[in-house]
Amino acid sequence: MKKLLVLILFACYLGFSQEKLTHEVYFETDKYEVPVTEENRLLLFISTLADMDIESISIFGFCDDRGASDYNLTLSQQRANAIKAIFSNNEISESLISNVDGKGEILLKIVDEKDVLKIRGLNRKVEIIVKPKPPKVDIVKTFEEKVEEKKKDVPEIIKGDLKVGDKIVFDNILFKTGYSTVMPESKKTLENIAKSLVERKDIYFTIQGHVCCTQYSRDAVDRKTKKRNLSVARAKYVYDYFAKKGVDKKRMKYAGLRRLFPLGGDPKLDRRVEILITYVKN
């Protein structure tokens, strides 16, 4: 029976591992800046990756057949780098990007002479290949997982002994990539946290928002507003939610900390909010 189960799982792994998502971005002649329409298409593609467990992303740049070989090689690399930057600015971890390569020109293969310009236009591109991780099969929980399950949840921590400087990470409050709104499965947990904060009237705190994966510790772009203030927007979203649920605004502040304090684990855990206790009434 065990051997049969292993074979089934292995077959599922092989089948899943072959599934890849692809996307192409097209460029103007001699340009590596991403056209606005193409950037919008790319952002839509990135939004489909929000809930995916990604194993790797490959980015390959290409040129048409015009121009010298060295020039085309450089330009194709610049195009690949431009796409990588957009991924990084939209909370896709650079650690997932395994290849960023300029492949140079694609030789023109003329099928119909009148289609030459169209063919060249399709050759000025970047190809993106996203490989998902195979699904995990949890047969037996590890000791670490069992310990993790026994950890106190945030409402319990809020009800406990707190002092100035304590930081409470909202582990189960997860955000969609590129957005300041929480995932649907996080709303009930956020509601329970709000109830605990309404009851715990003696603590004052700052809500700190974070993002993952952006370059050079910059803030990420909020795809809804197009502003580069996503960490602030996440903190304010939670601030407004708590205020709506009855937490006194005088007890709260909010701030965006960009990607200055990554946790070093799964990138999705850096798309987070936490609270810092700033004052406790005696």
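Just so it is clear, none of the values below were taken in a lab; they were calculated from the coordinates. Note that the structure is a prediction, hence the values are computed from the model and not measured. Please note: Cβ atoms are built from the backbone with ideal geometry, for glycine as well, and neighbour counts cover all protein chains shown.
Listing for the model above:
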| item | result |
| --- | --- |
| Long-range tail of P(r) for the range 152-280 (Cα pairs > 17 Å, %) | 54 percent |
| Entries of K195/K253; K31/K226; K20/K187; K176/K244 with Cα pairs more than 29 Å apart | K20/K187 |
| Order of H210, H23 - criterion: other Cβ atoms within 10 Å of each residue's Cβ, fewest first | H23, H210 |
| Label point at N99 placed 7 Å out along Cα→Cβ; residues across the range 27-56 whose backbone nitrogen lies under 13 Å | 56 |
